[in-house]
Number of protein chains: 2
Amino acid sequence: MFIDVSKTSPTQIIGDTGAKLRKLTETIERLHVRGATRPLEKIIHKVYPADLASVLASIPEVHVAPIFHTIPEAELAADVLIQVNDRVQRIILAETPDAQLTPILEKLPPDERVLLIREMEPERAERLLSELEKASQKELEKLLSYHPDTAGGIMTTEFFDLTGDTTADQAIRAVREHAEVEMVYYLYVTDAEHKLEGVISIRQLLLAKPQALLRDVMNARIITVSTDTSRESVAALVDKYRLLAIPVVDESQHLVGMITVDDVIDVLETETTQDMLRMAGTDKAEILTHSTFRIAWIRLPWLLAAFIGGLAATWIVRNFEGVLTQVIALGAFLPVVMGMAGNVGVQTATVTVRGLATGSLDLRDVWGVLYKELRVGLILGVFYGFTLGLFGWFMFGSLDLGGVVGFTILGNMTGAALLAVALPMLFQRIGADPAIATGPFVTTAIDVFGVLNYFMLATLLLDLPGAGS
Amino acid sequence: MFIDVSKTSPTQIIGDTGAKLRKLTETIERLHVRGATRPLEKIIHKVYPADLASVLASIPEVHVAPIFHTIPEAELAADVLIQVNDRVQRIILAETPDAQLTPILEKLPPDERVLLIREMEPERAERLLSELEKASQKELEKLLSYHPDTAGGIMTTEFFDLTGDTTADQAIRAVREHAEVEMVYYLYVTDAEHKLEGVISIRQLLLAKPQALLRDVMNARIITVSTDTSRESVAALVDKYRLLAIPVVDESQHLVGMITVDDVIDVLETETTQDMLRMAGTDKAEILTHSTFRIAWIRLPWLLAAFIGGLAATWIVRNFEGVLTQVIALGAFLPVVMGMAGNVGVQTATVTVRGLATGSLDLRDVWGVLYKELRVGLILGVFYGFTLGLFGWFMFGSLDLGGVVGFTILGNMTGAALLAVALPMLFQRIGADPAIATGPFVTTAIDVFGVLNYFMLATLLLDLPGAGS
């Protein structure tokens, strides 16, 4: 939902996230604590909903619901409720009785109503749903039937459509008469059965001759999505074509909804969060506000890859126990040998995954990028390998040992860089999410191969029977 | 820059990133290889610029510049050039001679021209700048004087302002007469000296009485940013207030520019990329297309934290050499002990940093979140500690050893979870970027404390003189 700046004339906008907002927060909190309800109501009326949302996010949690409840109009309360952050929203939902919540729900735009209902426990959602007006109820049930990750799941059903034989002048009058309808920048042109025929922006409407038919001035080559288009694709299209909104049609081209650019910003944020969580080796759905057991349950299987990899490394070291026993210093260098390769791996994987996601890198680059990472890995490996080699030599007085750790670092850092660029690109190639490659696979592979390489080099380079510590 | 859908009537929009786009790509490539210039020009005319940009991203690199050069009009070429990805843009810039580039530069909107000039080597930028018309040249120099991370650095100077004594009717006529000016949704109202007085949306203009003065219908409480506001704050404001554009003013409130929501989407993407790179422990400026030495140079210092941490761990192990010599199996479990804690740390740190960035988590939550992570860490630690303890017992036949690795995993996973939530929140509290906390600090601290804890527990729990492998 977009907010039309001009609607806000009577309210005061902070437009600042610093000092002014802190002052407003203090004032509101003071009035609340003093129980000065009238002055509080007065100030709440003068404050812009998004600012009130910021205030609620920065006061002690016990005050959130009581202050929210002093908002006298359901419409303003609805505006605030959709703009507070998730944490504050949960508090408000939990502490607002159904009877008070229903009128607020009625005032919400359909897409926001769906988001809110989805946050609730099924029983409460059911109960509130039955309290709504018949029409809203039916519409809501329809919207809830779409998967939340699809266009149907994020669209609003409030849009503006007119038939093609409307004149520009009539259309302008229609816009004037529907001043209360959600901000329209695009007018959709449909036939008698609401099949989408074209689009015209309000600005184009102004440019058209008053008697021109919409059919003749509209743009008939229009970008649409269907209700089951993934929200990721919706965001990509709005971003690519720089649209302010995109229409949603059903399988017979009937206009059923619209998605605005501000919702697309939210989708992009969510998708990025999911990418980051996957890279970190946890599920895309994890948030810190889940219950303890749910978080643990989400993370547990993702850690399995690291666990199996760790056991494999253990098994490898065990097989080289003879070497380790003779040169106990090898154990001392194990943490730094593993750590350096792991770090280069995370650096490289992150750059690769993010590059693929933003399009600054594509699969055609694979050989060039591999070659470049090979060289970067070699440079970093030579620098840190040489430095660590010196440390090994001086700390343990063995040039051979220095050579082993030095060459291991060189090999492992180079290998890690290569693996961390190759795996995500391979995942992308086979149609899997490259972000998933990073967490469990890249990290674990680097650990296992790294340890193997270390002990193989040690066996090769150290003149074992005589090289004991 | 926004594209007005209605402007595109004669062109064909793919609106799809799949099959249709591949077909178009094949057609264009075939025509180019055959040297069929005329049909190629014809098809290029019919294709939407954003789609042509996608085509250029998926053809072999040698064909990119030649196909781009077949675009006959500078205006269309300009539209395509700002919509291709970074890689394609670099190819085109490198392979297009100055004489051909100048007319394209002239057609670019000011903000896009700045972005492009900033990508070039200084000498070429200087040369091209001197080729531009005097007016564009002066404007460009002014824009280039702003820091790229500020509102001044990303704003466009193409906006629409009228004085407050203009009537709604006159304003509508003015919009009609300036059909060529970049898409306007907001009209800015200024005084005779271009000081910003208010804003009105085109839709509000339609709703106003024809004779009403803009001064009387405009919204005077307007959110503005100054030229030196950080682009991050600009994005936060546009996102918070759900604006389509935000005006930029100088220190005396003169309107000097405007930033549109599509540019804000780009800013949000860039900021997220920087966050991810910082979390991975590399500089925010790294991209894989930098030169090899530059990438190595960027990563080298970030790896220093891991290196020093690694050396510290080495030093710790060395101090426990006696224990390791007696129970060589401790070395075998070192990789898995380090790996598990590191993984939990990355999971937790990512959830925390992202939560703070998106506002789903704020500093007020710190004790609740710490307590929750403590419990999550304990659950995961008990599960994997018990499992690994069993492995230790069976693999090496020592219940004591199993106990050591089990309790170490329990302690280290719990500690890692706590550290990974506490450090980013502490960084946020003291005004530093919480993303920076993750890469070098959290990871290194987990490694060092983890190793220390492991060997201390081993010393405590193993009855050393008799517990040799």
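The values are calculated or read from the model by the stated rules, or taken from the named source; none is laboratory data. Keep in mind that what you see is a predicted model, and the values were worked out from it rather than measured. Glycine gets a Cβ as well: all are built from the backbone with ideal geometry, and neighbour counts include every protein chain shown.
Residues are listed down the side, and each one gets a yes or a no for (1) buried (at least 16 other Cβ atoms within 10 Å of the Cβ); (2) within 28 Å of B:V366 (Cα to Cα):
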| site | (1), (2) |
| --- | --- |
| A:K20 | no, yes |
| A:L24 | yes, yes |
| A:S54 | yes, yes |
| A:A74 | yes, no |
| A:R87 | yes, yes |
Residue count, the range A:110-128 (criterion: surrounded by fewer than 18 Cβ atoms within 10 Å (Cβ to Cβ) and touching a Ser or Thr at 6+ places or on another chain (Cβ under 9 Å)): 0
The range A:377-399 residues that are under 16 Å from A:L334 (Cα atoms) and more than 8 Å from chain B (Cβ to nearest Cβ), paired with ones that are surrounded by fewer than 20 Cβ atoms within 10 Å (Cβ to Cβ) and not small (G, A, S) (beta carbon under 6 Å, 6 or more apart): A:W393/A:L399
Leading residue by the ranking (farthest from A:L56 (Cα to Cα)) among those in the range B:325-341 that are more than 7 Å from chain A (Cβ to nearest Cβ) and part of a helix (DSSP H, G or I): B:Q326
Filter result (among the charged types (D, E, K, R), assigned to a helix (DSSP H, G or I) and under 26 Å from the mean Cα position of the chain (by Cα)) within the range A:142-180: A:K142
Single condition B:G359 does not satisfy, out of (1) free of Cβ contacts under 8 Å to residues at least 12 places away in the same chain; (2) at the interface with chain A (Cβ under 9 Å from one of its Cβ atoms); (3) on the phi < 0 side of the Ramachandran plot; (4) out of contact with any Phe, Trp or Tyr (no Cβ under 8 Å at 6 or more places or on another chain): (3)
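What do you reckon, is B:K209 more than 16 Å from B:L255 (Cα to Cα) and outside any helix (DSSP H, G or I)? Give the derivation first.
Numbers: more than 16 Å from B:L255 (Cα to Cα): yes; outside any helix (DSSP H, G or I): yes.
So B:K209 fits the description; yes.
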Qualifying position, being in the same structural domain as B:A437 (by TED's automatic domain parsing), crowded, with 18+ Cβ neighbours inside 10 Å and basic (K, R), among B:R375, B:R364, B:R354: B:R354
Top-ranked residue of the range A:231-257 - restricted to ones that are within 11 Å of chain B (Cβ to nearest Cβ) and not in a helix (DSSP H, G or I), ranked as surrounded by the most Cβ atoms within 10 Å (Cβ to Cβ): A:I246
Condition broken by A:T260, with the remaining ones in (1) at the interface with another protein chain (Cβ under 7 Å from one of its Cβ atoms); (2) crowded, with 19+ Cβ neighbours inside 10 Å; (3) of a type in the set (S, T, N, Q) satisfied: (1)
Scan of the range A:339-379 for residues that are polar (S, T, N, Q) and within 28 Å of A:G310 (Cβ to Cβ), ordered by number: A:N343, A:Q347, A:T348, A:T350, A:T352
Given (1) touching a residue at least 12 places away in the same chain (Cβ under 8 Å); (2) surrounded by 23 or more Cβ atoms within 10 Å (Cβ to Cβ); (3) within 9 Å of chain B (Cβ to nearest Cβ); (4) not charged (D, E, K, R), number of the condition A:T314 does not satisfy: (1)
Hey, A:G322 buried (at least 24 other Cβ atoms within 10 Å of the Cβ), modelled with pLDDT of 85 or more and in a helix (DSSP H, G or I) or not: no
Criterion (in contact with an Asp or Glu (Cβ under 7 Å, 6 or more places away or on another chain) and within 30 Å of B:S291 (Cβ to Cβ)) met by exactly one of B:T70, B:T102: B:T102
Total residues in the range B:202-231, condition touching a residue at least 40 places away in the same chain (Cβ under 8 Å) and not aliphatic (A, V, I, L, M): 10
Residue satisfying condition, being within 14 Å of chain B (Cβ to nearest Cβ), modelled with pLDDT of 90 or more and farther than 16 Å from A:K372 by Cα, within set A:V451, A:V421: A:V451
Test for B:T270: is it within 7 Å of chain A (Cβ to nearest Cβ), of a type outside the set (K, R) and assigned to a helix (DSSP H, G or I): no
Conditions (1) surrounded by 18 or more Cβ atoms within 10 Å (Cβ to Cβ); (2) more than 16 Å from A:G342 (Cα to Cα); (3) in contact (Cβ under 8 Å) with a residue 24 or more places away in the chain; (4) not basic (K, R): number failed by A:D463: (1)
Conditions (1) part of a loop (DSSP other than H, G, I, E, B); (2) closer than 15 Å to B:P434 by Cβ; (3) not small (G, A, S): number failed by B:V369: (1)
Any hit, the range A:57-75, residues being part of a helix (DSSP H, G or I), in the same structural domain as A:K23 (by TED's automatic domain parsing) and closer than 30 Å to A:V256 by Cα: yes
